[in-house]
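Remarks on the structure that follows.
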Amino acid sequence: MIFLCFKIELSVLNRNKRKISKFFWCLLKFSIMMGYKFLTVLLPLPLLLAFEFLSAGRFLVDSPVLFQDEKPLIDKLIRDILGRDEEEFKQKDKQGKDKESKEREKKEEKNFKVEEKSQSKGYSSEEAEKGIEPERQKVSRSEMVSSKVFVLEVEGAISPPVADFIIEGIKEAQEKGAKLIVILLDTPGGLDLSMRKIIQAIESSYVPVCVFVWPIGARAASAGTFITVSAHIAAMAPGTSIGAASPVMMGGREIDEKLRKKIENDAVAYIRSIAEKHGRNANWLEKAVREAATLTAEEAVKNNVVDLVAESVQELIKKINGKKVKTSAGEITLDLSSYEIVRFEPNLKHKVLKVISDPNIAYILLMIGIWGIFFELANPGAIFPGVAGAICLILGLYSLQTLPVNWAGILLIITGIILFLLEVKVASSGLLTLSGIASIILGSLMLFRSPEPFLRASYRVIISTTLFTAAFFVFVAYKGIRAQFKKSPVGFEGLMEEVGEAISDFQDGKGKIFISGEIWEAKVAEGEKNIAKSDRVKVIGRDGMILLVKKV
């Protein structure tokens, strides 16, 4: 009987879940008649919940497990519960859904018409509902939807983290259906490889990209010039500058004339191809590469290097509204009469990578990493210095891949740390410490060699880090030397000059004293007064295992 009720429940659940309450009521009456009130009512409850959440269990419903004589009884019960055939129910349910869908569409169309009319100048939604005709043409549905304008802010050197940030921002803007991407740029330049990745992302974007040199006082120098002119729309704020795009070798090292010409010609060809594609002044841009020429915002517009000058993003959007641009998807007319600004903020990964790419941070991480590794080697088993040093050293080395590094500088820094460690072990009267300080300072100055300030560490950071390192090792050396001359706390040396108490009268100059928690045999030192019980005594020497004391 229980098995039969279970099958009835599965069949009903599969056909019409909205009749569950009615089914249980009929099941209750049926169970009372058959004498299985509690079992047949309580047992289906957990089974019903299980089959609601575990769709994999539905195969039981469709499996042919009914006996031939059970089928008519179950079909009759289902018809009694549902009150109609399954096909009839499905048909009426479909009709109800179609009716609801049509009513919803009519309601949306009515609301849209009211919105269309209310968009007209001097025309209220109350007038639209009354059927009063507007004074001007209706607004289309596409015009009513706010266009998303993605804004990405880039400040500082162009590096791999910056390239990743811009590429991800362009990708997300395309996925979110943005109508325009605005890159707020303020950069002194950066790495060629990162610059080319950014330009490739801009050129392949089917969403128009506008590079806006902003705020007032910003610049798009070196790599920033290439990025700006590669955009579909190039704009500048008043008081900004562009140019000085001559290629510079990493580390500022000198190269032969032939190689220099090769690099320069490659940069010229690249910027001319970008300029010709976007209809910009290729001749002046070539001059910016060969002669490091620069222009102000107003001069850049006159020389057809950028498209316009604007003071803010809002003014920029207003000026380019309706402008036609060519993207990878073809020609697009910007419709920005109604827009919504969406700021693409850097996530934690972008922030961390940008911070550690700073030469000053890279230098500090490198120093901490070297300290930690050497401390772990000097004191095996300390664990923390080794772990912290390894992490900082890896982060520092990651940063160095984006910076012009002179490896001779790193070797001098390591030599300086070694000299500091030797000062702790060897008494050199401070000579090793002075040598270590000189080695670290020279290595730090040689570490980053670049004519660009943003590609080298600050002298202030170098000097302060070196002095801190020297002060730390001097302090350690001082403590080590002091420990060597300190009185031993154990044995006879620890009892010298200590004061104790006589616990017996001294006879023939000998007796017992209590000192430092111990009882010792003692005798009066030569030329000293005899000692009585409870007298205070001071240890001044020893004779074998007997202490020499005098009365205090």
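Descriptive notes on the structure:
- By the count of neighbouring beta-carbon atoms within 10 Å, fewest first, TRP371, TRP284 end up ordered TRP284, TRP371.
- Here the Karplus curve 6.51 cos²θ - 1.76 cosθ + 1.60, taken at θ = phi - 60°, turns the phi angles of the range 455-466 into couplings of 10, 9, 6, 6, 4, 4, 5, 4, 5, 5, 5, 5 Hz, with x standing for Gly and Pro.
- For the range 392-452, the direction-averaged projected area of the alpha-carbon convex hull comes to 4.6 nm².
- Residue order, fewest to most beta carbons within 10 Å, for GLU298, GLU153, GLU528: GLU298, GLU528, GLU153
- For THR294, the residues 5 or more places off, or on other chains, whose built amide H falls under 5 Å of its own are ALA244.
- By the count of other C-beta atoms within 10 Å, a proxy for reagent exposure, LEU395, LEU185 are ordered fewest to most as LEU395, LEU185.
- Between amide H atoms placed 1.01 Å from N, distances below 5 Å from THR327 occur with ILE332, all of them 5 or more places distant or on a separate chain.
- Base-10 log of normalised Debye intensity for the range 314-467 (one unit scatterer per alpha-carbon) at q = 0.13 Å⁻¹: -0.70
- Karplus-derived 3J(HN,Hα), 6.51/-1.76/1.60, for each residue of the range 207-217, Hz, glycine and proline x: 8, x, 10, 10, 9, 10, 6, 8, x, 4, x
- ³J(HN,Hα) computed for each position of the range 361-369 - Karplus, 6.51 cos²θ - 1.76 cosθ + 1.60, integer Hz, glycine/proline x: 5, 4, 5, 5, 4, 5, 5, 4, x
- Less than 5 angstrom separates the built amide H of GLU528 from none of the residues sequence-distant by 5 or more or on a different chain.
Throughout, read-outs are computed from the coordinates displayed, never taken from laboratory work. Here the structure is a predicted model, which means the values were calculated and not measured. All Cβ positions, glycine included, derive from the backbone under ideal geometry; neighbour counts span all protein chains shown.
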